[in-house]
Every structure is written in structure tokens, then in C-alpha cells.
1. For I83, state whether it is of a type in the set (A, V, I, L, M) and either in contact with a Phe, Trp or Tyr (Cβ under 9 Å, 6 or more places away or on another chain) or loosely packed, with under 10 Cβ neighbours inside 10 Å (or both).
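The values are calculated or read from the model by the stated rules, or taken from the named source; none is laboratory data. Computed from a prediction, not measured in an experiment: that's the story for all the values here. For neighbour counting, all protein chains shown are included, and Cβ atoms are generated from backbone atoms with ideal geometry for every residue, glycine included. Please note that ligands, DNA and RNA were not included when accessible areas were found on the heavy atoms of the full protein model with its side chains. Shrake-Rupley method; radii C 1.70, N 1.55, O 1.52, S 1.80 Å.
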Amino acid sequence: MADANGDDLAESLQSLFTNVSSMVKSELQGTSNQMDLLEKMNARVASEYDDLGDVAAGLRVFAEQMVSKSGGFDEFVEQMDAIEKQVSEFEAVISLLDRYVSVLESKIRASPPK
């Protein structure tokens, strides 16, 4: 009877160790799967950041092109400012001439015909 109890105990312990071993193996496999998923997620995020880096580089090139092109407009802006100043001066002269013509017309109307 002692042998029968010893065999039952040995089988129970063997079953316990097998089940604990299976549990530990499953936990390790789960951790390994999580690490694989994390690695894939990191690779995806790295790819997204690479794409964003390319977009940022493209925007930087575009901004530099716009700055260089806008520098060419400075000359035209200066010319337009000069033209605007001349137009203002001509308007002042025209206003003065208009008043002078009005004064002359008034004098001509006021003088008796000969």
C-alpha cells in the first residue's frame, strides 16, 4: 500500500510539474508575442516618422523656393511704390490746376463782354 501511495504521489507531482511547466511556457510565449507586436508597432511608427521627415524636408525646400521667389518681387514693389508716389503728386498738381481753372472761369464770367 505504501508503494501505491508513493506512485500516486509521484504521478501527482509529475502532473503538477508538467502543468506548471506548461503554464510558464504559455506565459513566456505570450510575452514573446507581445514583444513581436511591439517590434512591429515600432517599425510602423518609425516608417510614419520617416514619411513625416520626407514631408518636412519637402516643405522646407518649398519654403526656401518661395523666399527666393519673393525676393524678386521686392524690385517690383519698390517700382509700384514709386509710381504710387508720382500718382499722388500728379493728383495734387491736377487739383491745383483745377482750382486755377475754376478761378479763371469765374473771372471770365464776371467780366463784361466787349
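1. Working: of a type in the set (A, V, I, L, M): yes; either in contact with a Phe, Trp or Tyr (Cβ under 9 Å, 6 or more places away or on another chain) or loosely packed, with under 10 Cβ neighbours inside 10 Å (or both): no.
No, not satisfied.
Yes or no, residue by residue, for (1) assigned to a helix (DSSP H, G or I); (2) at pLDDT 90 or above; (3) open to solvent by less than 100 Å² (accessible area, probe 1.4 Å):
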| site | (1), (2), (3) |
| --- | --- |
| S22 | yes, yes, yes |
| E27 | yes, yes, no |
| E48 | yes, no, yes |
| G72 | yes, no, yes |
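A quick yes/no check of all residues on (1) in contact with a helix residue (DSSP H, G or I) (Cβ under 7 Å, 6 or more places away or on another chain); (2) open to solvent by less than 70 Å² (accessible area, probe 1.4 Å); (3) at pLDDT 90 or above:
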{"position": "A10", "(1), (2), (3)": "no, yes, no"}
{"position": "Q14", "(1), (2), (3)": "no, no, yes"}
{"position": "G30", "(1), (2), (3)": "no, yes, yes"}
{"position": "M35", "(1), (2), (3)": "no, no, yes"}
